[in-house]
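Structure, as C-alpha cells:
The values are calculated or read from the model by the stated rules, or taken from the named source; none is laboratory data. Here the structure is a predicted model, which means the values were calculated and not measured. Here the Cβ positions follow ideal geometry from the backbone for every residue, glycine too, while neighbour counts run over all protein chains shown. Side chains are part of the model used for accessible areas, which takes the heavy atoms of the whole protein and leaves out ligands, DNA and RNA. Shrake-Rupley method; radii C 1.70, N 1.55, O 1.52, S 1.80 Å.
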Amino acid sequence: MKTYNFKIKRFNPSEESSPQWQEFSVQMDPMERLLDGLIKIKDNSDGTLTFRRSCAHGICGSCAMKINGKNGLACQTLIKNMPERITIEPLAAYPVIKDLVVDMTQFFMKSEEVLPYLINAETPPERERLQSKDEQQKILESITCIMCGSCTSSCPTYWSDKEYLGPAALLKAYRFIFDSRDRAFDERLGRIIHAQGLWRCHSIYNCVEACPKEIDITGHITELKRLAVKNFFKRNK
Amino acid sequence: MRYRLRAGSFAWMIQRISGVALTIYIFFHLYYLSSLRDPVKFELLRKLLDDPFVKFGEAGLLLLVIAHSFNGIRLILLDMGVPTRMQKTLFFIAALTGGIIFFIGSWPILGGIL
Amino acid sequence: MIHQFDTVIIGSGLAGLRAAIEAAKYGSVAVLTKLFPTRSHSTSAQGGIGAALGNEEPDSPEWHLYDTVKGSDYLGDQDAIEIMCEDAIRTIVELEHLGVPFSRTTEGKIAQRRFGGHTRNFGEAPVRRACYSADRTGHAVLSALYEQCKPLGINFFSEFHVLDIVIENNKCHGVIALQIENGEIHVFNAKSTLVASGGYGKVFKTTSNAFASTGDCLSILFNAGLPLEDMEFFQFHPTGLYGLGILITEGVRGEGGVLINVQSERFMERYAPAIKDLAPRDMASRAIMTEIKEGRGIDGKDYVHLDLTRIPNQVLSERFPEITTFCKIYMGIDPSEKPIPVLPTAHYAMGGIPTDADGRVLNDEKAGVIKGLYAAGECACVSVHGANRLGCNSLLDTVVFGRRAGIAMAGENKNAERGNIHRDAIDNAASLIDLTIKRKGDQRIGDVRSELQTDMMDLCSVFRNEQGLKELVSKISIIEDKAEHITLKDKSKIFNTELLDAIEFGHLINLSKVIASSALQREESRGAHFRDDFPQRDDADWLKHTFAFKKERVVEFKHKPVKITKFQPEERKY
Ligand SMILES: Cc1cc2nc3c(=O)[nH]c(=O)nc-3n(C[C@H](O)[C@H](O)[C@H](O)COP(=O)(O)OP(=O)(O)OC[C@H]3O[C@@H](n4cnc5c(N)ncnc54)[C@H](O)[C@@H]3O)c2cc1C
Ligand code: FES
C-alpha cells in the first residue's frame with residue numbers, strides 16, 4: 001500500500017460559477033487502477049465525486065478523462081505506473097456536466113454525419129457476403145474504436161473549430177468507406193470532403209497519442225485524404 | 001484547454017508561427033525590394049545590413065525558413081504514406097538536420113560579430 | 001415529462017437493440033438505457049457467437065442442440081434450445097449482412113473457433129462453432145446493431161435509469177425512468193415493454209461483469225410479485241485474471257491454451273479426458289477450485305496458470321490482441337512468454353425473468369403471461385442455458401430471442417391499447433428518490449456493498465453447502481437492515497451517481513437474497529450449482545425449474561417441469 005495524492009478538478013455548473021481543485025490522499029495497492037482510486041474516494045471520502053464507469057477494463061469507453069495532462073482511460077491506468085501526485089480533469093473541449101462527466105452529445109452527433117452504418121441495397125446472398133482476409137485487415141484497426149472521445153478532445157483543430165468533424169467521426173467514415181461490403185462510397189466521401197471535414201485535419205497527431213486503443217487515427221485520416229485526391233483526379237480525367 | 005505538448009503538436013505550432021512570420025516578412029521584403037530603383041536608398045539599406053541587430057534578424061529569417069520547409073517536407077512525407085510511428089522520428093530528424101544547416105548557414109552571417 | 005410509444009425497450013445491449021430493429025419496422029420505439037448504448041456490457045463479450053455454420057469443419061444444428069442440452073445439465077428446455085440452434089445460422093448470416101465485421105477464413109467466409117462444451121457428433125471431439133471478430137466479438141456486433149438502429153429512426157434515451165416498470169391488472173403499462181443528467185422523472189406509456197437489462201454479476205465480489213450489471217429490472221419485477229426462475233444457477237467462468245476478475249475468453253483454450261497447476265500438470269485431462277481444457281465452464285471452475293483446495297495452486301496460492309505460450313505468436317496477436325493487451329497492462333505479463341494467473345470469476349446469470357420462446361414474461365409456473373411485458377437477453381430465462389450456459393451461446397440467445405420478442409411485440413401492438421401510468425405510480429417513484437436522498441444514518445454504501453459482495457463470494461460461489469447458505473441468508477438480512485441506514489452526501493439533482501449506487505445496491509441485496517434462498521432449497525448438484533452436502537444430480541426430485549416469488553421479507557418457491565423432447569438425461573461426462 002502506498003499513498004497517492006489525487007488532485008481533481010471539481011465543477012457542478014448548476015451550483016457553482018467556476019471549477020475548484022480538490023485534493024484527496026488515497027491508499028492504493030500497486031496492482032490497482034486509477035479508477036479504483038476514484039471509487040475509493042467516492043465510497044470513503046466524498047460521495048459527491050462524479051465520474052462515468054462501467055466495464056472497468058477498457059472496452060466500453062465510459063471513463064476517459066485527462067490524467068496528468070494526457071487523455072486516457074481511468075480503468076486502464078495502473079497506479080504503479082503513476083507518480084505520487086496525480087492531476088485529474090474532465091476531457092477538454094466538451095461542456096462539463098459535473099466533475100469528470102462531460103456532455104458528449106456533440107461528439108456523437110459528428111459521427112452521425114458520416115452515415116455510420118453499412119449501406120448495401122443489393123440483394124444479399126443466401127449465406128454471408130464473402131470478404132477476404134486482406135479486406136478485413138483493412139478495417140481491422142478502425143473497428144476497435146470505443147468512442148471514448150479522447151481523440152477529438154485532444155485535437156487543437158477541434159478546440160478552435162467546433163464545427164470540425166473531428167478524428168473519431170473521420171475514423172468512422174474510414175471504417176465504412178474501406179469496408180469491401182459497403183456501397184455508399186460516393187455519398188459518404190461527399191460528406192467528409194469539405195472545409196470542416198477531412199481537410200481540417202492538420203496532421204497534429206495528438207489524437208494518436210491520446211487514443212487508449214492505440215489506433216493510428218491520423219494515419220487513417222491521411223489515407224482518406226489520399227483517396228479523396230485520387231478520386232478527384234479520376235473524376236476529372 | 002491546455003494539453004501536454006508533444007512532438008506532433010509542437011511541430012504544428014512551429015509550422016503555424018513560422019508560416020505567419022514568413023508571410024509578414026514577405027511584405028516587408030517586397031517593400032524593400034522597391035528600393036532597387038533608387039541608388040541612394042539602396043546604399044542606405046545595404047549599410048543597414050552591417051548592423052548586428054539586422055544580422056541576427058537575418059539568422060532568424062534563416063531559422064524560420066528552415067523550420068517551415070523542413071517540417072513541410074516531413075508533412076508531405078507523412079501524407080505520401082510514411083507510417084505514423086515515424087512522425088516523431090521525422091520531427092527529430094528534421095530538427096537535427098535543420099539545426100545543422102542553420103548552424104552552417106548562420107556562420108557566414110554572424111561570423112563577423114561573434 | 002410523459003412520452004407515448006408503441007414499444008419501450010429497457011436496455012441497449014444486444015438483446016435490446018436486436019428487438020428494437022425488429023419492432024421499429026411496425027411502430028415507434030424508445031430504447032432506454034442507463035449507459036450510452038454502445039457502453040452496454042455486451043460490448044465486452046470476447047470469444048464468439050455460436051452457430052453450426054460448418055465453415056471450417058462439418059457441423060450441424062442437431063449437434064449444437066445436443067451440446068447445449070448436455071451443457072445445461074439437462075435443465076434447459078429442449079423446445080426452446082431447438083429454436084435457438086435451428087435459428088442460429090440464419091441469425092449469424094443476418095448479422096453479417098447488417099455489417100458485423102467478422103474475422104474471415106482464407107475463403108472469405110466467417111471464421112470459427114472451438115469453444116468449451118461444443119462438440120462434433122454428439123460429444124466426440126471439439127468442433128469449430130464460435131463465430132468471432134478477433135477477441136472483440138461483442139463490441140463488433142453491438143456496434144453494428146447500434147449503427148443499424150440509426151436509419152430506422154429508433155429513439156434513444158441514453159443515461160435514463162429505469163426506476164419502475166408499472167404493472168396493473170396483469171398488464172404492463174410502461175416504464176418510469178430518471179434522466180440522470182438533470183434528475184427529471186420521465187414516464188413512458190407503451191403498448192408493450194421489453195426488459196433487456198442484462199446480468200447482475202455485481203452481487204459477487206470478483207466478477208467479469210460491468211458496474212452497470214446490477215439486475216435492477218429483475219429486482220423491480222420480483223418486488224412487483226413476478227417470479228424469478230432458476231436463480232441458484234450462476235456461472236463462474238474458470239479464467240478470470242487473478243485479483244481482478246477480468247475475463248480471459250475460453251476462445252484461447254479453443255486455440256490451444258491450457259490450464260496448469262503447480263506441478264505443471266495439465267490437470268483438465270483428469271477431469272474431462274475427452275475434451276480436456278474445453279470442458280464446460282462449471283466443470284472447469286470446479287476443477288480449478290479443487291486443485292487449489294488440494295494444494296496444487298501456484299506457489300501455494302489460490303490461483304492456477306493459464307498457459308498461452310503454446311499458442312503460436314501470430315495466432316495470439318491476430319486473434320487475441322485485446323487479451324494480450326489486458327495481460328500486459330494489468331498483470332505486466334506478456335502471455336506469449338509467461339503463463340497467466342487465473343481464478344474463476346462470476347460471469348453469467350443463467351437464471352432470470354421467466355419467459356416463453358417469444359419473450360412473453362410468465363407470471364407463474366403454469367405459463368400464465370403478463371400482457372404487454374417481454375424480456376430477452378441475459379436478464380431472461382427462456383430457459384436455453386439450464387443449469388450451465390455454454391460459451392458463445394449467450395450472444396446467440398440475445399439476438400435470437402431479442403428478435404423473436406421484437407416480432408411478438410409488433411404483433412401484439414396491432415390490437416393493444418397503450419398503457420396509461422397513473423399519478424400515484426409516478427409519485428411513488430419520486431418519493432423513492434426523495435427518501436433515498438434524505439435518509440439519515442451511519443452507514444456508507446461502499447462498506448455495506450463490499451460486505452454483501454464478499455459474503456456472496458465466500459458462501460455462494462463455486463461450492464455451496466447448507467450451513468454456509470443459511471448463514472448467508474441471515475447475513476443478507478442484516479445487510480438489508482444496515483442498508484436502511486445508508487446516508488448519501490450527494491443531494492444534487494444533476495448526475496447524482498451516488499443516488500444511483502444506492503438504488504442499485506437495493507436491487508443487489510434483493511437479488512442476493514433470491515440467489516441464496518434458491519441455492520439453499522435445491523438439494524442436489526447440477527451444472528453451476530454444486531452443493532458439497534448433495535454432490536450428486538438428483539433427476540428424480542430436482543429435474544425441474546425453480547420459480548422464486550416474493551412473500552414479505554422471505555422468498556417462496558414453486559417448481560415447473562423441464563421440457564424434454566429429444567435427449568433424455570444421461571450422466572454428464574466429457
Ligand atoms: C467479459 C464477458 C465476456 C463475454 N463473452 C461472451 C462470449 O464470448 N460469447 C457469448 O455468447 N457471451 C459472452 N458473454 C455474455 C454476454 O456478453 C452477455 O450475456 C450478453 O451480452 C448480455 O446482453 P444483454 O443484451 O442481455 O445485456 P447487456 O449488454 O448487459 O445490456 C444491458 C442493458 O441494460 C441497461 N440497463 C440495465 N439496467 C437498467 C436500468 N435500471 N435502467 C436503464 N437501463 C438499464 C444497460 O444500460 C444496458 O444497456 C460475455 C460476458 C462478459 C461479461
Ligand atoms: S470503464 Fe469501460 S472503459 Fe473504463
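Observations on the model:
- Search result, residues across region A:158-180 that are open to solvent by less than 10 Å² (accessible area, probe 1.4 Å) and more than 9 Å from every other protein chain (Cβ to nearest Cβ): A:158, A:164, A:165, A:166, A:167, A:168, A:169, A:170, A:171, A:173, A:174
- Any pair with Cβ under 6 angstrom, 6 or more apart, that starts in region A:189-215 at a residue that is open to solvent by 60 Å² or more (accessible area, probe 1.4 Å) and ends at one that is within 16 Å of ligand 1 (Cβ to nearest atom): none
- Taken as a whole, region C:407-430 holds at least one residue that is open to solvent by 60 Å² or more (accessible area, probe 1.4 Å) and within 30 Å of residue C:118 (Cβ to Cβ).
- Among the conditions (1) more than 14 Å from chain A (Cβ to nearest Cβ); (2) closer than 22 Å to residue C:204 by Cα; (3) open to solvent by less than 10 Å² (accessible area, probe 1.4 Å), the only one that residue C:249 does not satisfy is (1).
- Listed by position, the helices (runs of 4 or more DSSP H) enclosed by region A:162-237 that each have at least 1 residues that are under 18 Å from residue B:12 (Cβ atoms) are A:167-177, A:206-210, A:217-235.
- Residue selection: residue A:87 satisfies the criterion of being open to solvent by less than 50 Å² (accessible area, probe 1.4 Å), over 19 Å from residue A:213 (Cα atoms) and either in the same structural domain as residue A:23 (by TED's automatic domain parsing) or touching a residue at least 12 places away in the same chain (Cβ under 8 Å) (or both).
- Some residue of region C:360-374 being within 15 Å of ligand 1 (Cβ to nearest atom) and more than 14 Å from every other protein chain (Cβ to nearest Cβ): yes
- Only residues that are in a loop (DSSP other than H, G, I, E, B) and within 17 Å of residue C:70 (Cβ to Cβ) were counted across region C:97-145, and they come to 4.
- Residue among C:475, C:470, C:438 that alone is modelled with pLDDT of 95 or more, out of contact with any Ser or Thr (no Cβ under 7 Å at 6 or more places or on another chain), farther than 18 Å from residue C:245 by Cα and surrounded by fewer than 17 Cβ atoms within 10 Å (Cβ to Cβ): C:470
- Filtered by the rule that a residue be among the aliphatic types (A, V, I, L, M), under 16 Å from residue C:255 (Cβ atoms) and open to solvent by 10 Å² or more (accessible area, probe 1.4 Å), region C:75-128 gives a lone residue, C:125.
- Residues in region C:146-159 that are assigned to a strand (DSSP E or B) and more than 10 Å from ligand 1 (Cβ to nearest atom): C:155, C:156.
- Scanning region C:21-49 for residues that are within 7 Å of ligand 1 (Cβ to nearest atom), among the hydrophobic types (A, V, I, L, M, F, W, C) and over 30 Å from residue C:252 (Cα atoms) yields one hit, C:32.
- Checklist (1) away from chain A (no Cβ under 14 Å); (2) within 16 Å of ligand 2 (Cβ to nearest atom) applied to residue C:33, failing item: (1)
- Residue in region A:111-131 that is out of contact with any strand residue (DSSP E or B) (no Cβ under 7 Å at 6 or more places or on another chain) and not in a loop (DSSP other than H, G, I, E, B) present: yes
- So residue C:276, is it more than 16 Å from ligand 2 (Cβ to nearest atom) and more than 25 Å from residue C:12 (Cβ to Cβ): yes
- Just one of the listed residues (B:48, B:78, B:61) is within 24 Å of residue B:103 (Cα to Cα) and open to solvent by less than 60 Å² (accessible area, probe 1.4 Å), namely B:61.
- Take the conditions (1) more than 9 Å from chain A (Cβ to nearest Cβ); (2) at pLDDT 95 or above; (3) buried (at least 24 other Cβ atoms within 10 Å of the Cβ); residue C:62 misses just one of them, which is (3).
Yes/no matrix, rows are residues, columns are (1) open to solvent by 20 Å² or more (accessible area, probe 1.4 Å); (2) assigned by TED's automatic domain parsing to the domain that holds residue C:266; (3) out of contact with any strand residue (DSSP E or B) (no Cβ under 8 Å at 6 or more places or on another chain):
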| site | (1), (2), (3) |
| --- | --- |
| C:336 | yes, yes, yes |
| C:339 | yes, yes, no |
| C:351 | no, no, no |
| C:354 | no, no, no |
| C:362 | no, no, no |
| C:373 | no, no, no |
| C:376 | no, no, no |
| C:391 | no, no, no |
| C:396 | no, no, no |
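- Scanning region C:194-210 for residues that are of a type in the set (Val, Ile, Thr) and out of contact with any Gly (no Cβ under 6 Å at 6 or more places or on another chain) yields C:195, C:203.
This table checks each residue for (1) within 14 Å of chain A (Cβ to nearest Cβ); (2) within 29 Å of the chain's Cα centre (by Cα); (3) within 25 Å of residue C:133 (Cβ to Cβ).
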position: C:267; (1), (2), (3): no, yes, no
position: C:293; (1), (2), (3): no, yes, no
position: C:312; (1), (2), (3): no, no, yes
position: C:335; (1), (2), (3): no, yes, yes
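- At least 1 residues being touching a helix residue (DSSP H, G or I) at 6+ places or on another chain (Cβ under 7 Å) and charged (D, E, K, R) is the threshold, and among the helices (runs of 4 or more DSSP H) wholly inside region C:240-320 those reaching it are C:251-254, C:268-271.
- Residues in region A:216-233 that are open to solvent by 10 Å² or more (accessible area, probe 1.4 Å), within 30 Å of residue A:75 (Cβ to Cβ) and more than 7 Å from chain B (Cβ to nearest Cβ): A:220 only.
- Applying the condition of being surrounded by fewer than 20 Cβ atoms within 10 Å (Cβ to Cβ) and more than 10 Å from every other protein chain (Cβ to nearest Cβ) to region A:97-121 and asking which residue is farthest from the chain's Cα centre (by Cα) yields A:121.
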